[in-house]
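Here's the structure we're looking at; comments come further down.
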Amino acid sequence: MNKHIRRPEFPKRAVITGGMPYGNKDLHFGHIGGVFVHADTYARFLKDRIGKDNVIFVSGTDCYGSPIITSHKNHCEKENVDITVEDYVHNFHVRQKQTLENYDVNLSLYATSAFGDSGKKHNKVSEEVFNLLYDHGFLKELSCPQFYDPIHDIYLNGRQVLGKCPYEGCPSEKGYADECDLGHQYPPEDLIDPISVLSGEKPELRNTSNWYFDLERFAEPLKALVENLKNDRSVRPLVIRTLEEFLLPPAIHITRKEFEPLSEDFIASLGGTLEDIEKKPSVTFNFNSLDERDVAKKLLDGSNVRYRSGKTITPFRLTGNIEWGVPVPEKEDLKDLTFWVWPESLWAPISFTKTYLDSIGSKDSWTKWWTDPEAKVYQFIGEDNIHFYGLPEMAMLMGYYASENPSASKDMSALDISEMNFPTLVANHHILFMNEKASSSGAIKPPMAHELLDYYTSDQLRMHFLSLGLSKRSVSFNPMALDETFTNKAEDPVLKDGFLLTKVFNRMVRSCFYTSEKYNNWAIPTNAISDEITDMMEKAVYEYERNMAQHEFHRVIITLDNVIRKLSKYWSREMKIADAEDNNAMRLQVLADMFYGVKVCLTLLHPVVPTSSENVKDYLGLDDSLWSWDHILESIQAHYEDKDSHTVKEIPAKFDFFVNHESFFEA
């Protein structure tokens with residue numbers, strides 16, 4: 001390799017995590033196309049790049065939360081069945097796992113937060129996290145309003161309450177008990193027009209006591225962390241922009257219609273700093289603390305002035321009173337609590353990492369994979385979840401580091417974040433469906449992932465999902481197979497990127513095999529590779545590696561497209577000359593060049609379309625050393641047992657290494 005090119009550095013060990021799907025549904029196209037294909041591609045790349053034993057890829061079914069309780073209840077009533085919530089969730093877990101396998105998503109462990117070894121480990125880790133945060137003073141007991149449905153005599157959580165998000169400018173269609181479907185958190189009393197989904201009536205607010213993580217204490221180190229992230233090119237601007245929004249000072253927004261009748265004395269009594277920008281439809285009051293903002297909110301409520309809250313750091317609720325949940329250790333006067341689903345899902349990947357290490361008999365501590373300077377964690381998530389992974393999770397890790405430094409537990413300024421190893425968040429923008437935002441609870445329903453495999457191969461879908469460029473913007477998934485007005489399959493955008501394999505690369509590989517049969521008795525020529533091909537492949541490898549390091553998967557696909565098409569043109573050009581001159585020596589040189597190009601391209605394709613790549617590898621008669629980046633630019637002979645003579649497996653006429661879905665050929 002060119003020693004003068006500065007190449008990206010990779011950790012010695014890595015953990016990849018994928019966002020956890022809820023245990024009350026099958027996987028839809030967004031789970032696969034927006035998260036898991038990207039996570040799997042990167043995990044496979046790192047296995048090839050740093051060694052498969054140095055990479056752990058974990059995720060699992062998120063078993064708890066009020067949406068699961070509600071959907072379980074509705075299922076039993078609708079289907080007139082008596083099934084436990086445990087069995088209900090476990091059935092979905094099995095189906096989710098099968099769908100992932102059908103898409104070639106190769107997890108080290110796809111676990112659950114409630115069952116088996118991973119469930120037991122998760123309960124233990126949850127207890128340990130809670131005790132660590134409690135013992136070092138990072139938790140506080142707060143009595144706050146919680147929705148209560150008097151008709152059903154039950155406290156309501158999460159999606160059992162439906163209203164409108166109180167945040168200024170939030171486009172969310174659904175606000176739940178204390179967060180909207182875009183991830184904005186707020187006190188329950190701020191939810192606009194709440195309705196109980198159980199009774200359809202407006203619920204009451206009753207005070208309940210819960211444990212909260214004192215997220216405000218970590219405001220300054222979190223701000224410092226975000227400043228550091230700005231210097232990391234692998235961190236997407238979406239992550240930084242979202243976190244900065246929540247690190248703004250507490251604010252209240254009042255429309256001009258509500259603001260203009262207010263007296264000067266009343267405005268002065270609100271405190272804070274008034275921000276009045278002429279062209280904005282509302283004015284803003286900024287405050288130094290949440291307590292100051294709460295005083296202003298009470299004054300506004302007392303005068304029936306409508307307002308919306310600005311995004312800011314608030315105490316992060318850890319516990320609730322849902323029976324179906326991870327039990328919380330009893331402390332002081334609080335007992336019979338369970339963890340709110342979001343906090344325990346943040347440390348679930350640690351539980352799963354520990355479960356996997358135990359399953360392979362490893363004595364490694366989870367810290368060797370999560371916090372050691374030679375390790376790195378990459379968490380693949382959707383944009384709605386940036387707040388949770390970027391603020392509470394990072395602050396909890398700061399709490400863990402602070403527990404090792406007693407002075408930092410008392411004074412956050414003593415917390416040196418430069419010496420901490422934080423996960424990298426790889427957040428994708430929304431993947432739309434037919435140019436609309438689709439969700440299981442919305443008007444536009446997303447297609448189920450397993451349904452797409454009735455029309456497309458996993459190769460075609462993986463190529464397409466990676467090509468969309470979700471790192472840059474929200475993009476629509478427009479499968480023409482699900483569009484009744486569409487007739488020309490050859491123009492299906494989902495197939496466009498797959499055609500690179502089923503047409504261009506497939507034809508090229510097949511031609512290499514047939515030419516080796518005709519002119520070299522199925523053997524790969526041992527000629528030295530030409531400078532043109534050597535330079536072409538070296539450039540592609542460096543470009544691909546750089547794009548992978550920055551998680552720019554659409555650029556990875558562009559790199560593959562460019563190099564495969566250049567190879568195809570080289571083949572056509574040079575073979576045309578060789579055939580015109582009937583020059584067998586030239587044919588063998590071109591064949592040697594092409595087999596080398598195919599070999600390098602296969603290594604680059606392996607993380608993207610693994611099964612088909614491995615199929616070609618087998619027909620080439622090569623072993624798994626082909627995938628190692630230790631040999632990526634070495635000659636194909638480096639992988640032979642017999643360095644002087646190596647034959648490929650014979651193939652029949654019109655053989656396809658990369659195939660279209662059988663539905664493509666239907667009338």
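Out of the residues in the stretch 108-131 that are of a type outside the set (S, T, N, Q), in a helix (DSSP H, G or I) and touching a helix residue (DSSP H, G or I) at 6+ places or on another chain (Cβ under 6 Å), state the one that is surrounded by the fewest Cβ atoms within 10 Å (Cβ to Cβ).
117
Enumerate the pairs (first residue in the stretch 534-550 and under 28 Å from residue 425 (Cα atoms) and in contact (Cβ under 8 Å) with a residue 40 or more places away in the chain; second residue anywhere and assigned to a helix (DSSP H, G or I) and aromatic (Phe, Trp, Tyr)) with beta-carbon separation below 6 Å, excluding pairs fewer than 6 apart on the same chain, so at least 6 apart or on different chains.
Hits for this filter: 548/45.
Determine whether residue 140 is under 19 Å from residue 328 (Cβ atoms), touching a residue at least 40 places away in the same chain (Cβ under 8 Å), basic (Lys, Arg) and surrounded by 20 or more Cβ atoms within 10 Å (Cβ to Cβ).
When the stated conditions are applied, residue 140 does not pass them.
Scan the stretch 166-211 for residues that are among the charged types (D, E, K, R), part of a loop (DSSP other than H, G, I, E, B) and surrounded by fewer than 18 Cβ atoms within 10 Å (Cβ to Cβ) and jot them down.
Across the stretch 166-211, the qualifying residues are 173, 174, 201, 202.
Can you name every residue in the stretch 506-533 that is assigned to a helix (DSSP H, G or I) and within 41 Å of the chain's Cα centre (by Cα)?
506, 507, 508, 509, 510, 511, 512, 513, 531, 532, 533, listed by residue number.
Residue-wise test of (1) among the acidic types (Asp, Glu); (2) in contact with a Leu (Cβ under 6 Å, 6 or more places away or on another chain).
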position: 374; (1), (2): yes, no
position: 379; (1), (2): no, yes
position: 382; (1), (2): no, no
position: 388; (1), (2): no, no
position: 395; (1), (2): no, yes
position: 420; (1), (2): no, no
position: 423; (1), (2): no, no
position: 434; (1), (2): no, no
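Report, by residue number, each residue of the stretch 241-258 that is surrounded by fewer than 18 Cβ atoms within 10 Å (Cβ to Cβ) and not in a loop (DSSP other than H, G, I, E, B).
241, 244, 245, 255, 256, 257, 258, listed by residue number.
Go over the candidates 466, 470, 501 one by one and state the one that is part of a loop (DSSP other than H, G, I, E, B), touching a residue at least 12 places away in the same chain (Cβ under 8 Å), of a type in the set (A, V, I, L, M, F, W, C) and crowded, with 17+ Cβ neighbours inside 10 Å.
Answer to the selection: 470.
For the stretch 549-564, how many residues are polar (S, T, N, Q) and either buried (at least 19 other Cβ atoms within 10 Å of the Cβ) or in a helix (DSSP H, G or I) (or both)?
Residues in the stretch 549-564 being polar (S, T, N, Q) and either buried (at least 19 other Cβ atoms within 10 Å of the Cβ) or in a helix (DSSP H, G or I) (or both): 2 in total.
Could you go through the stretch 565-579 and let me know if any residue there is touching a Cys at 6+ places or on another chain (Cβ under 9 Å), within 12 Å of residue 509 (Cα to Cα) and not in a loop (DSSP other than H, G, I, E, B).
yes
Could you tell me which of the residues 608, 541 is surrounded by 21 or more Cβ atoms within 10 Å (Cβ to Cβ) and assigned to a helix (DSSP H, G or I)?
None of the others qualify; the one that does is 541.
Among the residues of the stretch 447-455, are any in contact (Cβ under 8 Å) with a residue 60 or more places away in the chain, buried (at least 21 other Cβ atoms within 10 Å of the Cβ) and assigned by TED's automatic domain parsing to the domain that holds residue 620?
No, the stretch 447-455 contains no residue that is in contact (Cβ under 8 Å) with a residue 60 or more places away in the chain, buried (at least 21 other Cβ atoms within 10 Å of the Cβ) and assigned by TED's automatic domain parsing to the domain that holds residue 620.
If I go through the stretch 343-392 residue by residue, how many of them are β-branched (Val, Ile, Thr), surrounded by 18 or more Cβ atoms within 10 Å (Cβ to Cβ) and in a helix (DSSP H, G or I)?
4
Have a look at 436, 419, 451 and point out the one that is charged (D, E, K, R) and either at pLDDT 90 or above or over 27 Å from residue 237 (Cα atoms) (or both).
Testing whether each residue is charged (D, E, K, R) and either at pLDDT 90 or above or over 27 Å from residue 237 (Cα atoms) (or both) leaves just 451.
Could you check, for the stretch 432-447, whether at least one of its residues is within 30 Å of residue 367 (Cα to Cα), assigned to a loop (DSSP other than H, G, I, E, B) and of a type in the set (S, T, N, Q)?
Within the stretch 432-447, none of the residues are within 30 Å of residue 367 (Cα to Cα), assigned to a loop (DSSP other than H, G, I, E, B) and of a type in the set (S, T, N, Q).
Within the bounds of the stretch 330-338, is there any residue that is farther than 16 Å from residue 118 by Cβ, surrounded by 15 or more Cβ atoms within 10 Å (Cβ to Cβ) and acidic (Asp, Glu)?
No, because not a single residue in the stretch 330-338 is farther than 16 Å from residue 118 by Cβ, surrounded by 15 or more Cβ atoms within 10 Å (Cβ to Cβ) and acidic (Asp, Glu).
Which of the numbered conditions does residue 220 fail, given that it passes all the others? Conditions: (1) surrounded by 20 or more Cβ atoms within 10 Å (Cβ to Cβ); (2) within 29 Å of residue 130 (Cβ to Cβ).
(1)
Under the condition of being part of a helix (DSSP H, G or I) and of a type in the set (Val, Ile, Thr), which residue from the stretch 212-239 is farthest from the chain's Cα centre (by Cα)?
226
In the stretch 252-272, is there at least one residue being closer than 30 Å to residue 550 by Cβ, touching a strand residue (DSSP E or B) at 6+ places or on another chain (Cβ under 8 Å) and not aliphatic (A, V, I, L, M)?
no
Only residues that are of a type in the set (Val, Ile, Thr) and either assigned to a helix (DSSP H, G or I) or without any contact (Cβ under 8 Å) to a residue 12 or more places away in the chain (or both): list them for the stretch 53-85, please.
The answer is 68, 69, 70, 81, 83, 84, 85.
The values are calculated or read from the model by the stated rules, or taken from the named source; none is laboratory data. Just so it is clear, the structure is predicted and the values come from calculations on it, not from any experiment. Please note: Cβ atoms are built from the backbone with ideal geometry, for glycine as well, and neighbour counts cover all protein chains shown.
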